[in-house]
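K.L.:
My structure is below; once you've seen it, I'll send some questions.
The values are calculated or read from the model by the stated rules, or taken from the named source; none is laboratory data. Computed from a predicted model, the values in this text were never measured in an experiment. Quick reminder, even Gly has a Cβ in these numbers, built from the backbone with ideal geometry, and neighbours come from all protein chains shown. Note: areas computed on protein heavy atoms with side chains; ligands, DNA, RNA excluded. Shrake-Rupley method; radii C 1.70, N 1.55, O 1.52, S 1.80 Å.
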Amino acid sequence: MSTHGTGNRQRNLFPKRTKELKSVVHSAPGWKLFGKVPPRENLQKTSRIIQQEYEARTGRTCKPPPQSSRRKNFEFEPLSTTALILEDRPSNLPAKSVEEALRHRQEYDEMVAEAKKREIKEAHKRKKIMKERFKQEENIASAMVIWINEILPNWEVMRSTRRVRELWWQGLPPSVRGKVWSLAVGNELNITPELYEIFLSRAKERWKSFSETNSENDVEGVSVADREASLELIKLDISRTFPSLYIFQKGGPYHDVLHSILGAYTCYRPDVGYVQGMSFIAAVLILNLEEADAFIAFANLLNKPCQLAFFRVDHSMMLRYFATFEVFFEENLSKLFLHFKSYSLTPDIYLIDWIFTLYSKSLPLDLACRVWDVFCRDGEEFLFRTGLGILRLYEDILLQMDFIHIAQFLTKLPEDITSEKLFTCIAAIQMQNSTKKWTQVFASVMKDIKEGDKNNSPALKS
C-alpha cells in the first residue's frame, strides 16, 4: 500500500489529521557518529545532479529539450509560440515566399498534431493513475475490514498464517497501522502509561533545574555537560524532523509531544541517552499512535538487538551486521558487490543512516511506513533486505558511478522512488545463502571479529 505525491500525500496517510503550519525549513547538518560536525555542503546536491555529473564525466550526457528561439520587440501579438510560424514577417524584413509559407503551414499542422497526441497520451496516463488510485483505495477499505473484524480480534492465532502475512506484505491500512505495529513490536519491557508519566515528569524536572542552575555537579550520574549536549541535540534534531510537514518544528502541533517522548526516553534509558536519528523514529510512531502508546512502542523498538547495537554504537555487533549484509549482497548482486569492493566502499557508509532512522529519513514517508509494516512482520532481517532492494533498484546507475558519486547518491535517494518498484526489487532479493538464512549466517559470521580487523570503515573509527 502506498500513496503518491509529496507535500499533501501525508494528508490521508494517517488516522490523525494534521494541519500545516508555515515554518522555516532548516538545512540538515551532516551526520557523524562522533563529535560535533558542521553542515555538509556536498550533500545539498540532489540525486539527479549527482547522476548527471557522472553522466557528463563519462560522456553520457542528457540532452536538454530543444528550446525555441525567442524574438524580442514583436510588432504583433502572436496567439501562441506554436502559431508564430504562420505569422508574416515584420515589414522591415523580406516577405515569405509561397513555398516557405506552405512549408510553415505544414510544419504548424505537424506541431498541432503532435501536441494533440501528447494531450491524448497525458489524458490516458491521468486516467490510468486515477483508476489505480481508486483500486488502491478499494483494496485499503476491504483490507481494513479484514484486519478489524478478523485479524485483530484473533491476533495471536492469525498473525503467522500465510493469508495474514500476504495481506501484511501489501501494506497496512492507516487506520490499523499503529495498532498492528504495537502488537508486533510487543511490550517486553512492561512499560505502562503511568511509567511514561513518571519519566516524563522527571525529564521536565531536569529541564527546569538545568535552566535554573549553572551547577557543574553531576546529577544522577549524568554530568551537566552531557545533559546540555543531549538537550541541545534533541532540540536540533526536532527542528529537522520531517521539516516539509511543518508539524514537529517549534510551534507545530506535535513539537511538544516529540520533545516529551525523547526527553522521557533519555531518563528511562540514560545508558543509551539520545542519539541522532531517534527523532525520526519517534515522529513516525507519533503520527500513528497516541502519546503514551508511542513511547511504549519507541522504547521497546529501540530495545531490539539491532537497534540497541546501533544506538549504543557497539562496534563489534555493528561489524557483524555489516559482514552478514555483505554475504547476502554478494549472493544477490555480485556485479555491484565487486564494483563497491573495487572502490573499498563499505556498507557503513550508507547503511548507518538507513538503519538509524529505519528508512524514515531516506525514503518518502508513505513508502517508509510500508517498510516499517513488513519490518514489524519480519524483524531486523527486513531492514537489510530493504537495503539490498534499494541497491538492486538503482544497480545500473550505481555501476556507472565512482566512490564519491555512489556515496552521495545513496545518502540522498531520488524523491520519485515508488512503492511498487522498490517492493518488486525487495521481493527479488533472496535472504538465503546456500542453505543458511539470515539468523544462521549472522550467528556464524566473523565470530572472532575484532574492531578494525579486516575492515577499514572510517565511520566506525573514533
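K.L.:
Residues with amide H under 5 Å of residue 171's amide H, sequence separation 5 or more or different chain, H placed in the peptide plane at 1.01 Å from N; which?
P.N.:
For residue 171, no residues qualify.
K.L.:
In addition: Tally Lys and Arg at +1 and Asp and Glu at -1 over the other residues with C-beta under 10 Å from the C-beta of residue 362: what net charge comes out?
P.N.:
Values: positive: 361, 412; negative: 353.
Here the charged neighbours net out to +1.
K.L.:
In whole Hz and in residue order, list the ³J(HN,Hα) couplings for the range 312-327 that follow from phi through the Karplus curve 6.51 cos²θ - 1.76 cosθ + 1.60, θ = phi - 60°; x for Gly and Pro.
P.N.:
Along the range 312-327, the couplings run 8, 6, 7, 4, 5, 5, 4, 5, 5, 5, 5, 5, 5, 4, 5, 4 Hz.
K.L.:
Treat each spin label as a single point 7 Å out from the Cα along the C-beta direction, and report the residue 428 to residue 104 distance in nm.
P.N.:
5.1
K.L.:
Residue by residue through the range 347-360, which ³J(HN,Hα) values in whole Hz follow from phi under the Karplus form 6.51 cos²θ - 1.76 cosθ + 1.60 (θ = phi - 60°), with glycine and proline marked x?
P.N.:
x, 4, 4, 10, 6, 4, 4, 5, 6, 4, 9, 6, 6, 6
K.L.:
What number comes out for the charge environment of residue 398, summing +1 per Lys or Arg and -1 per Asp or Glu over other residues with Cβ under 12 Å away?
P.N.:
Details: positive: 335, 392; negative: 395, 396, 402.
Summing Lys/Arg as +1 and Asp/Glu as -1 gives -1.
K.L.:
Going 7 Å from the Cα of residue 194 toward and past its Cβ, which residues in the range 246-286 have a backbone nitrogen under 19 Å from where you end up?
P.N.:
268
K.L.:
So, one more: Using only the Cα atoms of the range 97-170, construct the convex hull and provide its projected area averaged over every direction, in square nanometres to one decimal.
P.N.:
Working: hull surface 25.8 nm².
Convex hull of Cα atoms, orientation-averaged projection: 6.4 nm².
K.L.:
Apply the Karplus curve 6.51 cos²θ - 1.76 cosθ + 1.60, θ = phi - 60°, to the phi angles in the range 161-168 and return the couplings in whole Hz, x for Gly and Pro.
P.N.:
These are the phi-based 3J(HN,Hα) values: 6, 4, 4, 5, 5, 5, 5, 4 Hz.
K.L.:
How much of residue 378 can a 1.4 Å solvent probe reach, expressed as accessible area in Å² and rounded to 10?
P.N.:
50
K.L.:
With a Förster radius of 41 Å, plug the Cβ-Cβ distance of residue 314 and residue 133 into 1/(1 + (r/R0)^6) and report the FRET value to the nearest 0.05. Could you put the intermediate results ahead of the total?
P.N.:
Values: r = 44 Å, r/R0 = 1.07.
Between residue 314 and residue 133 the formula returns 0.40.
K.L.:
How do 91, 362 stack up against each other in accessible area, from largest to smallest, with a 1.4 angstrom probe?
P.N.:
Details: 91 105, 362 20 Å².
The ranking, largest first, comes out as 91, 362.
K.L.:
A further question follows. Report, in whole Å, the centroid distance computed from the Cα atoms of the range 127-197 and the range 353-374.
P.N.:
17
K.L.:
With N denoting the number of residues in the range 310-451, provide Rg(C-alpha) divided by 2.2 N^0.38 Å, to two decimal places.
P.N.:
Values: Rg = 14.4 Å, N = 142, 2.2 N^0.38 = 14.5 Å.
In units of the globular-protein estimate, the range 310-451 measures up at 1.00.
K.L.:
Per residue, how much accessible area does the range 310-451 have with a 1.4 Å probe, in Å²?
P.N.:
Values: 5340 Å² over 142 residues.
On a per-residue basis, the range 310-451 sits at 38 Å².
K.L.:
Could you work out what % of the accessible surface of the range 160-207 is carbon and sulfur, using a 1.4 angstrom probe and leaving DNA, RNA and ligands out of the count?
P.N.:
Within the range 160-207, the accessible surface is 50 percent carbon and sulfur.
K.L.:
Between residue 169 and residue 244, what is the spin-label point distance in nm, taking each point 7 Å from the Cα along the Cα→C-beta axis?
P.N.:
2.9
K.L.:
Kindly report the accessible area of the range 97-170 per residue (heavy atoms of protein chains, probe 1.4 Å, no ligands, DNA or RNA), in Å². Walk me through the intermediate numbers first.
P.N.:
On the way: 6080 Å² over 74 residues.
Dividing the accessible area of the range 97-170 by its residue count gives 82 Å².
K.L.:
Mind scanning 304/421; 121/361; 125/421; 179/304; 179/250 and naming the pairs with a C-alpha gap bigger than 23 Å?
P.N.:
Numbers: 304/421 29 Å; 121/361 35 Å; 125/421 18 Å; 179/304 19 Å; 179/250 28 Å.
Result: 304/421; 121/361; 179/250 exceed 23 Å.
K.L.:
Roughly how much of residue 339 is accessible, in Å² to the nearest 10, using a 1.4 Å probe?
P.N.:
It works out to around 30 Å².
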